[in-house]
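Here the structure is laid out as structure tokens; the discussion comes afterwards.
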Amino acid sequence: MINVEVKKESNLYKEIVITGHALYADYGKDIVCSAASSIVTTSINGILSLNKGSLSYEKSKSGLVIKNIKSDDTTQKLIHNMMNLLKELEENYPKNIKVK
């Protein structure tokens, strides 16, 4: 299962930790994992194309940590949009992704 853990302060996104694998299908053929990866990658790239200092991220074998998320309106709206898309994915595949 993909686990998405969100840390907020004063209703602002501060850190997002994404770990695991959807286990919907074999590696390379998993549509849930592919969708989650596409949502997150597109969101991060879009935010960084607008302002390189808006956030930072670290990839590891266990997953991805998005941190140092700035509190400006554009960054927060794009992160909020990313979270809405991940929640929508969770609604369609509750056995494969969990957003906390």
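None of the figures in this text is laboratory data; all of them are computed from the coordinates on show. Source: prediction; values computed, not measured. With ideal geometry, Cβ positions are generated from the backbone for all residues, glycine too; neighbour counts draw on all protein chains shown.
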(request) Could you tally the net charge around Asn81, taking each other residue with its Cβ under 12 Å from the Cβ of Asn81, Lys/Arg +1 and Asp/Glu -1? (result) +1
(message) What's the magnitude of the charge dipole for the chain around its Cα centre, counting Lys and Arg as +1 and Asp and Glu as -1 at the beta-carbon? Answer in Debye, nearest 20.
(response) 200
(request) Determine the calculated [θ] at 222 nm for the chain from helices alone, applying -39500 (n - 2.57) to every DSSP H run no shorter than 4 residues and normalising by the residue count; nearest 500 deg cm²/dmol. (result) -14000 deg cm²/dmol
(request) Would you please state which residues of region 1-18 a label at Leu48 would reach in this model, taking the label point 7 Å out along Cα→Cβ and a backbone N cut-off of under 19 Å? (result) 14-18
(request) Could you please report the charge total around Ile69, scoring K, R as +1 and D, E as -1 over all other residues with beta-carbon less than 14 angstrom from its beta-carbon? (result) +1
(message) Whole-Hz ³J(HN,Hα) for each residue in region 87-100, computed from phi via Karplus 6.51 cos²θ - 1.76 cosθ + 1.60 with θ = phi - 60°, x for glycine and proline: what do you get?
(response) 5, 5, 5, 4, 4, 7, 9, x, 7, 10, 8, 10, 10, 10
